[in-house]
Each structure stands twice: as C-alpha cells, then as structure tokens.
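The values are calculated or read from the model by the stated rules, or taken from the named source; none is laboratory data. Small disclaimer: the values here were computed from a predicted structure and weren't measured. In this analysis, Cβ positions are derived from the backbone assuming ideal geometry, glycine residues included, and neighbour counts consider all displayed protein chains. Ligands, DNA and RNA are excluded from the accessible area calculation, which covers all protein heavy atoms including side chains. Shrake-Rupley method; radii C 1.70, N 1.55, O 1.52, S 1.80 Å.
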Amino acid sequence: MGSPKAAKSMVKQRIWRHRLVAPFAAVLITAVVVFSGLFAQDPSATSEFTAVNAGNTLPVRDKSESTARGSPNKEDLATAAFEQELDVGNSEPNQAFQGTVPAAGERGTATAVPVQRERSSGGSEPEEKQSPPQDQEGEETSAKSGLVQYTTCTPRTGATVCDLSNQRYDICELCGDARAIGRSSTVMYVPQPLTSNGEEWNIPAQSRKSLPWIKKVTVKTLKASQQAPSCTSRHTMPAIVFALGGFTGNVWHDVSDVLVPLFLTARQFDQDVQLLVTDNRPWFIKKYSAILRRLTRHSVIDFDADDEVRCYPHVIVGLRSHRDLGIDPDSTPQKNYTMVDFRLFVREAYGLPAPGVDIPYRADKDEPEKKKPRMMLIERGKTRRLVNTPDVLLGLGWFGFEVVRADPRTHSDLEEFARLVDSCDAMMGVHGAGLTNMVFLRSGAALVHVVPYGVEFMADGFYGAPARDMGLRHVRYSVGPDESTLLEKYGRNHAVVRDPEAVRSGGWEKVGEVYMTEQDVVLNVTRFGPSLLKAIEFIV
C-alpha cells in the first residue's frame, strides 16, 4: 500500500480538502446537557431517593376472596458453560457499567427510581420532571366507582394467553384481570367468563428460552370452581414480568438478551409500566439504571421477594426478541422500532447529544489545524488481546488519528464512559463484548472490527449487521494466520491453522476453546492500513 509516510500525507490531503470545500457551511453545534438529580452514592443521604408512587396503586383488603399463593417453583439452576454461546466476550461482569441505583427494599419493592429531570430527545435544555403524583383525585374516583378503565389491551375471546411458537422466546399477554403473586413466581389470569378448565404454562421469562437455567414464571388461568387470590394492591398501569440471570454479566448478552428485548416489550407504554423482575441481579439494576428510568417511571419490583398479590389490567410475562442484538421492524407492529431507535433511546437515557448532531470531527470546528479524527481503541484483558499494541498505536498516529485507549472493565461510571465514547468518531477493537459499547456512538461514526482468525463466520451477525442497523459505518478486518498467535502455538501444518472450517465442523466447543480463548492477535499495521483509510473516508 506504499510507505506509512505517503499514506499519512494522502490522509492529511483528504482531511484538508474536506475542510476547504465548505468552510462557511460548518456550524458550531454545542449540545448542552444538564444533569441534575443524578443518583447519589448513598440512597439515604439524599432526598432524590423519595419513593416513587406505584402508579395509581390502591391498597385493597378484600375479605370475600381467599389468597392462593401456591408453592414456589423449583428450577434447575445448573451452572452454565460459556461454550453454549457464540460470543463470550469479556466473560466477567463488565465493571464499566457499574452505576448506582437503590437495592431492592422490603417486600420486594425497589427503594425508588430516583426523581430526575427528563432529558429531551432533542438535546435542548431539559424540562423539570415532577415526581409522579399521589393522584388523590384518582384515589377518590376509585373509592367511589372503582378503578379507572384500562383500554390499552382488550381480552381476546377464545384465544390462548400464551404463545410458545417462537424459537427464541415464550410470551404470555394477559388482558383484563391479572394477579401477580410474589414469591411463588405465579401470575393468575381471571378470564371473563370463567371456564371449567384452567390452563397452566411455565414460561422462561427471558429472550433465550433454550437456556434451562432461565427462571420460569407460572401462568395460570382461573377455573370456574376456584377462588381468585385476594388482591393486596390494585394498579391501573400494565406490568411486565421478566427474568435476569442467563448469560448476563457479559455486556453483549446484557444488551442483546435483556435490554433490546425489554425495549421492544416495554417502550410502547411510554414509561407507564411496572417492571417485576424475577431471578433478580441487583448489580444489573444498578448498572443500567439510566435505561430503566427511561422505560418506567414506577418502582422496580423484586418479584421473588414480593409479599403482595398485585392486580393489573394488563400483564406481559416474558420478553420479545427478534435476533441477536437486532430488531426486525416488520415484527414490531406497534411502533415499527429499529436498532437506530434503540441506539437513540440509549443515548437519550444518558443525556448524549441529539440525533442531528454530527460526529465530533465534523461537528466541532474549534482550532481546525489541531483537529484529528478520534479513535477509541477497546482493549481486552485475557483473550483475543492485541499483543503489539505499541505498534498499533504508532500506526493509528501515522494515519492521523488521536487515540483514546479504553478498557471498559476499568470504568466505574457508565454515564462518564458513555460520554467518552460519544466524544469519539470511531471505535476499534478485536471481536468481543467490549464492542457493544458502539451503542453510545453518534450516527455516522465508524466501527473498525478486527476479526480473529477462524471466527469470520460469526463476525457479521454479532457486530457487523448490528452496527449497520444502528446507523454506524462498519469496517471489517479479518486477521490472517500470520497475525495469530495460533501459528506459533500449533504450527502451520496443524488443522487449527490450515483448515479452520474442519475444526468448526467438530462443534462449537472446539471453536470456543481454540479460536475464542487461546488466540491473541499480532496486527500487521501495513496490511491493516487500507481499513484505517476506509474508516477515515467515512469520518471526514
């Protein structure tokens, strides 16, 4: 491709030519994001942690009904082997995403979802968002004439409430009278009219129903001969019951298995929905608190520890999911959501600039003679590491990049890390979970995806297609055998090096053991150069 000096000169010419074409068309855009009411480190030390009203929730003491709680489910909690997944990434919980949120409180109810200023999607000054009112008028109305009629969903005559047909997930949608019974992990549906034969389902309440250790929720329809469990509280908003666990703790799985499906399932309710979490992981609630705040304005309930029988007009058990880290707009009839919508939703949750703001290189024209495209280099800790990082940094400098090195596991403040990613024009890293942080990039930014030897078959599905679906530019670089430490370990004539396809045919276990776990990368910077040129073309 020529000498690095010539390549650098060519890049500089392209950058300055871009600056001179339309100097008067450049507009200084400053996104002013006002953060107020952020989580305090100690919930008891700030008034921001006032308990959130559960949304027109009325205590009920119904003496005419008997409470039927049932016995707890006994699920097989067998330890999972990471080999069952195509991408383990950084298998330990990613410490980059440790925020602060209240832990589950008494009776299963989270202490609070903090009252906070609402961040506008347009990136302008946020308006003051008030704490959800106690709704005294609503209580008075309910006391006189019953609960306000809920009209978002209507019961389907003669139709089953659970759908088990999807290969990825099971889901139940209960419209009318649904009663969530804490501790027993049961939701009782009271159809009208009652029938003589009740039905029962055990639903893996997450988006990967094939995992045997995903916590299950029992859904039952009440028989005509049975008495409904007595409501201890009544609500006028819907609820979603879902499980954590599974492969959570790996950021790719956090987003692909829980956050995208939760967005698909909950976003339609415009924050007026209550989340009931089974198999709770307090670190997950803490880590993604900003996203959960944008999905619900109500308290999050630890369902397994809840002593209540909560009655709702609409309950969804399980999470909808289309594909790994992806959304099919044709399968979201309510809103036709896309992965662009999800990325913008996440950016909004963390107060990042509005969709119309360009990538930093094009948006910020201060001191143009000093301006360089900014590349975030995602570093890995144990597997698929860049062995020759100093050479890679030198090469990035040759091609005109300002480099920001980042190991997501070392960042304790997610909001701060999101702003750091947002400040970059491109992200680069070896195939792995850390690349999931591309969700914080702006539209038009570039993802430079270094694909280790032998795993090309999975690269596009895990990161390439999701990047493009999110409105990012994807640059894929496939590592050759001479750039893999497997060559030194096994020798050129070994099947691992000579015929990766044959190794792959032996099953995922061997692929995971060899190509995902034993391999590091020695990047040939000269061979890598055209990929960097392509990224720069996207940016400038």
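Test R442 against the criterion of being in a strand (DSSP E or B) and open to solvent by 10 Å² or more (accessible area, probe 1.4 Å), and give yes or no. Even if it seems obvious, please write down each step before you answer.
Values: in a strand (DSSP E or B): no; open to solvent by 10 Å² or more (accessible area, probe 1.4 Å): yes.
The answer is no for R442.
Among the residues of the stretch 159-201, write down those that are within 14 Å of Q227 (Cα to Cα) and aromatic (F, W, Y).
If the condition is that a residue be within 14 Å of Q227 (Cα to Cα) and aromatic (F, W, Y), then Y189 is the only one that fits.
Looking for whichever is open to solvent by less than 60 Å² (accessible area, probe 1.4 Å) and over 30 Å from F342 (Cβ atoms) here; the options are A465, A459, A535, A495. Which one fits?
A495
Residue check, K287 against (1) without any contact (Cβ under 8 Å) to a residue 40 or more places away in the chain; (2) in the same structural domain as F263 (by the TED database); (3) not acidic (D, E), all met but one. Which one?
Among (1) without any contact (Cβ under 8 Å) to a residue 40 or more places away in the chain; (2) in the same structural domain as F263 (by the TED database); (3) not acidic (D, E), K287 violates only (1).
Starting from residues that are in contact with an Asp or Glu (Cβ under 8 Å, 6 or more places away or on another chain) and not in a loop (DSSP other than H, G, I, E, B), keep the ones in the stretch 475-501 and report whichever is nearest to L441 (Cα to Cα). Walk me through how you get there before you give the answer.
Keep residues of the stretch 475-501 that are in contact with an Asp or Glu (Cβ under 8 Å, 6 or more places away or on another chain), which gives 476, 478, 484-486, 489.
Restricting the remaining residues to those that are not in a loop (DSSP other than H, G, I, E, B) gives 476, 478, 484, 486, 489.
Values: R476: 17, S478: 23, S484: 29, L486: 33, K489: 37 Å.
Within the stretch 475-501, the match that is nearest to L441 (Cα to Cα) is R476.
Do you know which residues across the stretch 270-291 are in contact with a strand residue (DSSP E or B) (Cβ under 8 Å, 6 or more places away or on another chain), surrounded by 23 or more Cβ atoms within 10 Å (Cβ to Cβ) and of a type outside the set (S, T, Y)?
The answer is V273, Q274, L276, V277, D279, N280.
Residues of the stretch 502-530 being surrounded by 17 or more Cβ atoms within 10 Å (Cβ to Cβ) and assigned to a helix (DSSP H, G or I), which ones?
V503, R504, V511, G512, V514, Y515, M516, V525, F528, G529 - these are the residues of the stretch 502-530 that are surrounded by 17 or more Cβ atoms within 10 Å (Cβ to Cβ) and assigned to a helix (DSSP H, G or I).
How about the stretch 454-474: which of its residues are of a type outside the set (D, E) and part of a helix (DSSP H, G or I)?
F457, M458, A459, G461, F462, Y463, G464, A465, P466, A467, R468, listed by residue number.
For residues that are β-branched (V, I, T) and at pLDDT 95 or above, scanning just the stretch 208-229, find the one that is farthest from Y312 (Cα to Cα).
For the stretch 208-229, the residue satisfying everything is I214.
For (1) assigned to a strand (DSSP E or B); (2) within 26 Å of the chain's Cα centre (by Cα); (3) at pLDDT 95 or above; (4) of a type outside the set (K, R), each residue gets a yes or a no:
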site	(1), (2), (3), (4)
E139	no, no, no, yes
L147	no, no, no, yes
G176	yes, no, no, yes
M188	yes, no, yes, yes
P191	no, no, no, yes
Q206	no, yes, yes, yes
C231	no, no, yes, yes
